[in-house]
Amino acid sequence: MPIIEVDNLSKQFGEIKAVDGVSFKVEEGEVFGFLGPNGAGKTTTINMLCTLLRPTSGQARVAGLDVIKDKNDVRRAIGLVFQETTLDDYLTAEQNILFHALAYAVPSEVRKQRTKELLTLMELWERRKSKIRTYSGGMKRRLEIARGLVHLPRVLFLDEPTLGLDPQTRNRIWEYILDLREKQGLTIFLTTHYMDEAEHSDRIAVIDHGKIVALNTPDSLKDQVGGDVLTISSDNNELVEDELRDKYGLVPEVNNGTVSVRVPGGEEFLPQFVRAYEGTLQSIGLRRPTLEDVFLHLTGREIRDEKVDERALMRNAMRARYR
Amino acid sequence: MSETYRGIWVVAFRELLRFVADRSRMISSFMFPLIFLVVFGAGFSRIVGRLEGDVNFIQFIYPGIIAMTVVMSSLFAGTSVVVDREYGFLKEVLVAPLSRVGIILGKALGGSLTALIQGTIMLAIAPLVGLSISPLLVLQLLPTLLVLSLSLSGLGILMATRMRSQQGFQFLMQLMVFPLIFLSGVFFPVQGVPTWLQIVAKFNPLTYGVDAIRQIFLGPRASGSVAELPGNETISTGVILFNHPMGIIEDVAVIGAIGAVLLLAGVWSFSRTEA
C-alpha cells in the first residue's frame, strides 16, 4: 500500500489555482523528490500534505490517514524539516527535543533513548546542553532532522533540507538521511533546488503551474529529454544555429552565448558536425543529460535562475542581526 | 480533548522554560514599573500629601505598580506569538498534534504564570514602601493576579493573531500600554477625572485589577471612601460602577468576564488564521 496517496488535490487562493488537480502516490521506504520552480505549487502541496493548509478540493492520505479528517493522526505520522529554522533559539538542543517529545506525547523512556540515539547519530550529543543561538547553520539543520524523528514518524518531509549550507555539510546531512532510510525504512519526501541532491531520489515528480508535468525515476526522466546535450560556442552562433536546424533538423537553443542542442547518439554526431561546419568553433562539449536539463526541458526554466538562495541567505543574515 | 490539554500545558511549559532562559526579559519587565514607582512616588508624594487612613502616595500607587508589572508581562504572551511566527517556531507548534485552542490557551497560561512570578517578586518591595504582607494577603492576591494576567494575555494574543511582524506588534503594544496604564487608576483615583475619561477607564480591565489589588493591600476603605481635595471636596479612591462601590470579588468578576471575551476572541481569531 502506498504511504502517500494524493488524488486530484487542488488549492485555490482567490483567482489563482496554486495546485491544480494533482495526483500521485509515494511508496513506503521511497525517497521521493518533488521538484518545481518557485511558485509552481510545491510548498502549497507540502503544506496540504502536512495539514497546515486545507485543500480546496481533492483528497490526500498520508500513512492511510486523511489529511483533512484525521489531522492530528497525520501529524503524529510525519516528521518535518522546513526551509527555515523552526527551533527555539533561547533553549538548548535538549530542551527543544523535550518540547517536541511532549507535544507528540512520546513516553519519557522512549524519549530519553531516542534523544540519545539521534543526537549521537547527528553528532550533537556533546552539545546537547548548549543554546541553539550558539549553533552553526549545519548543526541547526541536523538538530531539526533529529527532532523531526523523535516521535518515530513514518514519513519525513524535507523541504530544502540543505539550503544555504556549504557542500561538505550538505554531503554529511545526506549521509545521515540515507543512513536513516536504510536503518528505519523511513519514507522521505524531498524538495530541493540542488539537482545533485535530487539524484538521491528513487523517483522524481516535477510540478509546474500547479500540475505534475513528469513523474519517473531520475534515469527515465533523463532519457525523456531526448539524447545527449551538445554545447557549442563559436564566432557566429547564428550560423551554428542555422546549420543545426536546416541541415540536421535539430532544435537548438541559445543560453548565455552558447548554443545547446539535444541529439541522440551524440558521440557519432559530434565528428560529423565538426567536419562539415564551415566557420570557426571556439569550444564544443558533449554530456549526458542531467536533471538540470530535465528541469529546463519540462519547465522552460533553469532551477538555479531563481533568487531563492540569495533571499534565504539575506533573511538568515537579517535574523542573526536583529535577534 | 487530550490534544487540547496537552496543548495547554506543553505550550505553557515552554513559555516558562523560555522565561527562565531569557534573563534580560525578566529584568526589563521589572525596570519599567520600578522606575514609575520611584519617579512618580518621589515626585508626587509631597504635593499629594496623605490620603485618608494614613496612606501616603507611594503606598497608594504601589498596588497599581504590581498590577502594571503583571500587565506588561501578560501582554508579552502576545509578543511571544508574533516572535514565534517570525522566527519560525510557531510552525513547529502548529504541525504538532495539538489543538489550536490548546495552543492559544497554553500561550495565555504560560504568559500568566510568568506574570504571576513577576508580580510575586514585586511583593518583596512592599516592606520598603511601608506595607506589610500577611499570608492572607498573598492568598487573596495570587488568584486576583492570575485572573488579571489571563485576561490581559487574552488581549495580547488577540492583537497578535493578525500581526506578522514584531515591529508592527511593538508599535501596537506601545499604543495600547500607555492608555491602558494611565487610564486605570494606578496614579490617580478614577472617580476624580472628567466624566468622559471615567467612562473610558471603566471599560479598561486594568482599572478593576488595580482597584482589587489596592483593596487587598489597603483594605476596603480605599474603595468606598474618600480622598480629601482642596476646598474640602471629597472623591472616592475606589471604583464606582453604576453608583455601586466595587468590592474585591466584584472587581475580579469583571476582569474575568472581560478576559473570557478577549480569550475567546483570541482563540477564534487564531483558529481562523492558522488552519
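The values are calculated or read from the model by the stated rules, or taken from the named source; none is laboratory data. The shown structure was predicted, so the numbers you read here are calculated from the model rather than taken from an experiment. Reconstructed Cβ throughout: ideal geometry from the backbone, glycine too, with neighbour counts over all protein chains shown.
Data for the structure
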read-out: Search result, residues across the stretch A:99-120 that are assigned to a helix (DSSP H, G or I) and either in contact with a strand residue (DSSP E or B) (Cβ under 9 Å, 6 or more places away or on another chain) or of a type in the set (Gly, Ala, Ser) (or both); value: A:Ala101, A:Ala103, A:Ser108
read-out: Some residue of the stretch B:55-72 being under 23 Å from the mean Cα position of the chain (by Cα), within 14 Å of chain A (Cβ to nearest Cβ) and part of a helix (DSSP H, G or I); value: no
read-out: Whichever residue in the stretch A:73-86 is at the interface with another protein chain (Cβ under 7 Å from one of its Cβ atoms) and either among the polar types (S, T, N, Q) or in contact with a Phe, Trp or Tyr (Cβ under 7 Å, 6 or more places away or on another chain) (or both) and, among such residues, is surrounded by the fewest Cβ atoms within 10 Å (Cβ to Cβ); value: A:Arg76
read-out: Which listed residue is surrounded by 22 or more Cβ atoms within 10 Å (Cβ to Cβ) and modelled with pLDDT under 90, from A:Leu152, A:Leu118; value: A:Leu118
read-out: Residues of the stretch B:82-114 satisfying the condition of being in contact (Cβ under 8 Å) with a residue 40 or more places away in the chain and in contact with a Leu (Cβ under 7 Å, 6 or more places away or on another chain); value: B:Leu94, B:Ala108, B:Gly110, B:Ser112, B:Leu113, B:Thr114
read-out: Selection count where residues are of a type in the set (Val, Ile, Thr) and either within 10 Å of another protein chain (Cβ to nearest Cβ) or surrounded by 12 or more Cβ atoms within 10 Å (Cβ to Cβ) (or both), scope the stretch B:12-46; value: 2
read-out: Helices (runs of 4 or more DSSP H) wholly inside the stretch B:167-275 containing at least 2 residues that are at pLDDT below 85 and among the charged types (D, E, K, R); value: B:248-273
read-out: Evaluation of A:Pro55 against (1) in contact with a Phe, Trp or Tyr (Cβ under 8 Å, 6 or more places away or on another chain); (2) within 30 Å of A:Gln12 (Cα to Cα); (3) buried (at least 22 other Cβ atoms within 10 Å of the Cβ); (4) more than 9 Å from chain B (Cβ to nearest Cβ) (one fails), failing number; value: (1)
read-out: Contacts under 8 angstrom Cβ, first residue in the stretch A:120-132 being within 23 Å of B:Asp22 (Cα to Cα), partner hydrophobic (A, V, I, L, M, F, W, C) and not in a helix (DSSP H, G or I), 6 or more apart; value: A:Lys131/A:Leu91; A:Ile132/A:Leu87; A:Ile132/A:Leu91
read-out: Selection count where residues are closer than 18 Å to A:Leu80 by Cβ and at pLDDT below 85, scope the stretch A:182-191; value: 1
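Yes or no, residue by residue, for (1) under 27 Å from B:Arg100 (Cβ atoms); (2) of a type outside the set (Phe, Trp, Tyr); (3) more than 13 Å from the chain's Cα centre (by Cα):
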{"position": "B:Ser134", "(1), (2), (3)": "no, yes, yes"}
{"position": "B:Pro143", "(1), (2), (3)": "no, yes, no"}
{"position": "B:Val147", "(1), (2), (3)": "yes, yes, no"}
{"position": "B:Gly156", "(1), (2), (3)": "yes, yes, no"}
{"position": "B:Arg162", "(1), (2), (3)": "yes, yes, yes"}
{"position": "B:Gln166", "(1), (2), (3)": "yes, yes, yes"}
{"position": "B:Met173", "(1), (2), (3)": "yes, yes, yes"}
